[in-house]
Amino acid sequence: MSQFEYSIEKANAFINNNHNAIVNNTFKPEVHFSAPIGWINDPNGFVYFRDEYHLFYQYYPYDSVWGPMHWGHAKTKDFVEWEHLPIALAPDMPYDKDGCFSGSAIVKDDTLWIMYTGNIIDSKNGNRQVQNIAFSKDGIHFQKLASNPVATGEILPSDLIPSEFRDPKLFEKDGCYYSVVAAQHKNQVGCIVLLSSENLVDWSFESIFLEGKKGQGKMWECPDYFEIDGESYLVLSPMRYPKDGNHYTNINSAVIFKGKVDWQQKIFLFESVKELDQGHDFYAPQTLIDDKGRRLMISWMHTWGRTVVTHELKHHWSGQMTIPRVLKVENNTIKQEFIEEVIEKLPIIDVNKVSEGPGVLTIDIDGSFEMKLGSEGDYITFGYTDKYNSVYIDRSKQALKIIGEEEWDTSIKAVNISAEKLKVVIDKSSIEILINDGEAALTSTYFIQGGHKLQKLI
């Protein structure tokens, strides 16, 4: 397709004409969100609007691998029943011709505004990434601003790289609109810059909000700034954060920085950093605050550089999202909790009985144990070993191998923790484990071809 051949109309027609005809649902999730057809990655524009939750996402409907990005769109009242909506954005303008990359949404005057990155591949003038705005009166059909792009690399300090400038996350504070945007320093560390606007149309550079250090990854993606109980947090996804024991064993991970903001200088003052999830598949989380005052987080359940099993099997879809999690602060620590609307509707699995099918199980730990999910010769295991104080997921025994670009074995992912309780959600091709009421987490996908029998081994 040429750079102007992509359009919302063509994408919607392709989806409607093909998703029932060619998609193989063998591994399609029942509990977790996935698109009707094609490839998805980062959640975008996660927002509460007119009494419903809206989820946009990076989307390439035409194949089950990454391609020129569109914005897919769905909405829900309870994260159980989803309504798939028309494509929100397509790469159909000169300033986004090579992809409508990640971004976010905010509500202003009963209008839904989105800010996203336009990707421009230009062999003559060099590649660029620019920030654009679109808005919708009905929450479904979006109009791009005639003044796009609203921010380009020209507003950045000279020591930042204009071609690595993406993933704006909108928020409002004290009557002003801000956006944190990922950038890369010329010394090969990640940076988050802060932009500001009074009207969501005219944008100015404010500051380098947080500059990474050596050993914190070479590029940061998908930043998200928010406050809980007066404390400031910055979620982001670093690429190539150095491995540290069982931490950061994915080359690309997701972390949460805690700190305070000097709003005079517009600088985030870093205090601590924590990996959000130590499983195989958790990247690019984004949050919203809803009408109940809850800070909800949802994430892409995959990561870059990994085997895409459903593509190799020609199932014509790839990618799913985690169950939304409520972020809470307890004892000065961020904890994660599965959103109750989903959990209360899932079948309850008895840990002491053999079962099959999606559901939720709660395990009170009084010593080492191991659960097996699958059939002989094709299964995963998960459990806890008190010898090493370790909760783990082991997918080395599944027949459809998943490998990544890491130089080390990633078949087993683990958290070193003195575990007392696990809450586990199992779907057709994924498992999410929260430990000690969300003190730590493990999220992984798997692809088991035989039965999905779950049983306790020890």
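The values are calculated or read from the model by the stated rules, or taken from the named source; none is laboratory data. For clarity, every value in this text was computed on a predicted model and none was experimentally measured. Cβ atoms come from the backbone with ideal geometry, glycine included; neighbour counts cover every protein chain shown. Ligands, DNA and RNA are stripped out before the accessible areas are found, and what is left, the full protein with its side chains, is counted by its heavy atoms. Shrake-Rupley method; radii C 1.70, N 1.55, O 1.52, S 1.80 Å.
Okay, residues lined up against (1) open to solvent by 30 Å² or more (accessible area, probe 1.4 Å); (2) touching a Ser or Thr at 6+ places or on another chain (Cβ under 7 Å); (3) small (Gly, Ala, Ser):
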{"site": "LEU373", "(1), (2), (3)": "no, no, no"}
{"site": "ASN389", "(1), (2), (3)": "yes, yes, no"}
{"site": "ILE402", "(1), (2), (3)": "no, yes, no"}
{"site": "ILE426", "(1), (2), (3)": "no, no, no"}
{"site": "ILE431", "(1), (2), (3)": "no, yes, no"}
{"site": "LEU434", "(1), (2), (3)": "no, no, no"}
{"site": "ASP437", "(1), (2), (3)": "yes, no, no"}
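Checking ALA151 against (1) more than 16 Å from CYS100 (Cα to Cα); (2) at pLDDT 95 or above; (3) small (Gly, Ala, Ser), which single condition isn't satisfied?
It fails just one condition, (1).
Evaluate the following for TYR53: is it under 19 Å from the mean Cα position of the chain (by Cα), buried (at least 18 other Cβ atoms within 10 Å of the Cβ) and touching a residue at least 24 places away in the same chain (Cβ under 8 Å)?
Criteria met by TYR53.
If you scan the stretch 196-211, which residues turn out to be out of contact with any Cys (no Cβ under 8 Å at 6 or more places or on another chain) and either among the hydroxyl-bearing types (Ser, Thr, Tyr) or without any contact (Cβ under 8 Å) to a residue 40 or more places away in the chain (or both)?
Within the stretch 196-211, ASN199, SER204, SER207 meet the criteria.
Take the stretch 151-175 and flag every residue that is part of a strand (DSSP E or B) and open to solvent by 30 Å² or more (accessible area, probe 1.4 Å). Show your work before the answer.
If we filter the stretch 151-175 for residues that are part of a strand (DSSP E or B), which is where we start, we get 151, 160-173.
The answer is ILE161, PRO162, SER163, GLU164, GLU172, LYS173.
Quick one: which of THR385, THR362, THR410, THR381 is touching a residue at least 12 places away in the same chain (Cβ under 8 Å), of a type in the set (S, T, N, Q) and closer than 17 Å to MET301 by Cβ? Full working, then the answer.
On the way: THR385 fails: closer than 17 Å to MET301 by Cβ; THR362 fails: closer than 17 Å to MET301 by Cβ; THR381 fails: closer than 17 Å to MET301 by Cβ.
Answer to the selection: THR410.
Given (1) crowded, with 21+ Cβ neighbours inside 10 Å; (2) closer than 13 Å to LEU434 by Cα; (3) in contact with a helix residue (DSSP H, G or I) (Cβ under 7 Å, 6 or more places away or on another chain), where does VAL360 come up short, assuming only one miss?
Failing condition for VAL360: (1).
Residues in the stretch 76-99: is at least one free of Cβ contacts under 8 Å to residues at least 60 places away in the same chain, of a type in the set (S, T, N, Q) and under 30 Å from GLY359 (Cα atoms)?
Yes.
Restricting to the stretch 77-112, what's the tally of residues that are open to solvent by 10 Å² or more (accessible area, probe 1.4 Å), within 22 Å of VAL180 (Cα to Cα) and touching a Lys or Arg at 6+ places or on another chain (Cβ under 6 Å)?
Final tally of qualifying residues: 1.
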